[in-house]
Amino acid sequence: FLGAGKPPMYGDYEAQRHWQEITYNLPIRQWYFNTSDNNLLYWGLDYPPLTAYHSFVCAYIAKLINPDWVALHTSRGYESQPHKLFMRTTVFVADLLVYIPAVILYCFSLKETSAKKKASTCALCILLYPGLILIDHGHFQYPLSLGLALWAVLCLSRDWDLLGSVAFCLALNYKQMELYHSLPFFCYLLGKCFKKGLKGKGLVLLAKLAGTVLLSFAACWLPFGTDVEQIMQVLRRLFPIDRGLFEACMFSSPTHCPDKVANIWCSLSVLIKIKNVISPRTQLKLSFAVTFLSLLPACIKLTVQPSLRGFKFALVSCALSFFLFSFQVHEKSILLVSVPVCLIINEIPFMATWFLLVSTFSLLPLLLKDGLLLPYAVTTPAFLAVCLASFSILEKTSAEDLQLKAFSLSLKGYVSWFKSFPRIVRSLFLLSLSLMGALSVLSAAVPPPQSLPDLFPVAVAVVSCLHFLLFLVYFNVVILWDSKNRGQKKMS
């Protein structure tokens with residue numbers, strides 16, 4: 001794993017282990033504060049309370065096995081093989097208890113994939129998505145927030161709106177990045193209340209939903225709720241806006257680029273040094289404004305015409321808007337877009353597969369730093385092969401297959417090339433695959449020029465960003481031109 005054996009920070013694996021050390025040995029009131037026992041500059045907790053509680057549970061089990069694993073101060077950088085096995089097991093257990101069951105139940109609940117064979121195929125493709133495998137098990141992360149978000153989607157598909165709200169609140173209280181998905185949940189449920197009528201059943205549902213959300217948050221924050229300063233300190237740790245727009249993506253140096261994020265700000269900074277031109281406060285305002293405007297159309301459509309199909313596509317569109325335009329984006333945040341894309345792989349297998357391949361490719365600089373080249377080289381072609389075999393994606397490139405029939409009809413008479421649309425799309429897909437393959441080989445095997453040490457990582461980020469911008473346009477077109485408002489009883 002990245003940083004193994006390299007003091008003083010040791011990498012993300014050490015971050016997860018250190019949080020276990022802190023939560024087990026220190027009282028709750030000290031978890032988020034800088035003290036002599038809790039140096040926040042050394043992997044200080046910066047996720048919501050549920051992450052801290054999860055770390056405490058893992059630490060309790062670790063203490064029973066070997067107290068040295070979570071000993072205060074002396075356990076820093078602990079990297080024994082038994083401990084690595086323990087930590088990997090905790091990730092696998094989280095997968096087994098939360099993420100994998102949600103995926104399987106979701107696929108078997110799909111109306112179009114009611115046959116067991118089709119449902120199994122859909123589940124296999126989702127579970128083989130390389131990005132999540134490489135990040136959770138290679139870069140060392142837990143899949144709990146994404147798993148809980150999937151459970152929330154599954155509950156809403158069954159009209160279990162209150163249970164869905166609880167599940168999503170838990171996801172949001174595990175990782176604040178679930179804000180990427182919050183507006184589609186809010187707009188879909190609000191639109192459902194409007195549809196029922198705000199003077200009758202709709203008002204009752206709205207009150208129940210509001211009460212459920214408040215109670216869920218109160219339960220998660222209860223240990224911190226007695227002290228306003230505690231709450232404010234946790235919030236400061238969760239949203240460190242003073243770090244600026246480029247906390248995770250900085251193309252500010254002509255000779256070095258520590259992180260390569262395939263979003264618009266990092267890509268533009270190749271040409272315009274935004275960090276030097278715009279003040280941090282203005283960066284924050286600009287980021288907020290562009291993000292808000294880019295997700296507004298999908299949110300309005302979902303509120304006015306709430307449907308499960310529109311909800312799933314809005315999850316993709318809004319998360320992609322956040323990834324491309326929001327504040328302090330990390331490479332791993334693309335997973336928050338990819339998992340909703342997995343949910344519609346049965347509806348638009350060609351575009352979903354294409355997006356999931358690009359999202360994995362966008363993580364290449366991070367994967368190379370983690371020493372995950374071989375797993376990347378194995379899992380990505382394997383995923384493509386399974387999708388080709390399962391969905392025959394190259395045969396599903398017509399305007400109707402891509403959910404663009406309504407859009408193409410609205411352009412009839414204006415655009416003549418729609419007749420050759422499937423062939424053009426297939427050609428672009430193969431060109432895209434070739435470009436990603438070439439850049440992957442160059443990144444792994446060819447030393448960059450001395451004057452441009454970050455040439456290949458920057459190229460990967462920019463190429464991925466251009467793909468994502470086109471995907472954002474595509475998903476918004478599908479949402480805005482969709483006149484179907486399918487039933488609420490089953491997944492669509």
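None of the figures in this text is laboratory data; all of them are computed from the coordinates on show. Note that the structure is predicted; figures quoted are calculated from it, not measured. Note that we place each Cβ from the backbone using ideal geometry, even for glycine, and neighbour counts take in every protein chain shown.
Key figures for this structure:
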| quantity | calculated |
| --- | --- |
| Val93-Ile28 FRET efficiency (beta carbon distance; Förster radius 25 Å; 0.05 resolution) | 0.55 |
| Potential extension, Val378-Ile61 segment - 0.36 nm per residue separation minus Cα distance | 110.8 nm |
| Other-chain or far-sequence residues with amide H under 5 Å of Leu110's (modelled H) | none |
| Potential extension, Thr282-Leu268 segment - 0.36 nm per residue separation minus Cα distance | 3.4 nm |
| Using a Förster distance of 22 Å, the FRET efficiency for Lys6-Ser80 (Cβ separation, nearest 0.05) | 0.85 |
| Calculated SAXS-style log₁₀ I(q)/I(0) at q = 0.09, 0.14 Å⁻¹ - the chain, Debye, Cα scatterers | -0.65, -1.63 |
| Distance between modelled label sites at Leu198 and Arg236, nm, 7 Å Cα→Cβ extension | 3.8 |
| Pairwise Cα inverse-distance average, inverted: Kirkwood Rh of segment 1-142 (Å) | 16.7 |
| Net lengthening on full extension, Val228/Ile300 (0.36 nm per residue, minus Cα-Cα) | 22.4 nm |
| Formal net charge of residues neighbouring Ile393 (Cβ-Cβ distance under 13 Å; K, R +1; D, E -1) | -1 |
| Label-point gap, in nm, between Leu124 and Val441 - each point 7 angstrom along Cα→Cβ | 2.9 |
| Cα convex hull of segment 376-483 - mean projected area over all directions, nm² | 8.8 |
| Förster-model FRET efficiency, 25 Å R0, Lys405 and Leu428, C-beta, rounded to 0.05 | 0.85 |
| Prolate/oblate/rounded label for segment 249-406 (Cα gyration tensor, a/c 1.5) | oblate |
| Axial C-alpha extent at least 18 Å, average Kyte-Doolittle at least 0.0 - helices from the chain (DSSP) | 49-65, 81-94, 144-157, 179-196, 201-221, 280-304, 308-325, 349-362, 373-391, 421-445, 455-480 |
| Mean separation of Cα contacts under 8 Å, 6 or more apart, over the residue count of the chain: relative contact order % | 18 |
| Cα-based Lys proximity count in segment 166-216, under 20 Å, for pairs eight or more positions apart or on separate chains | 5 |
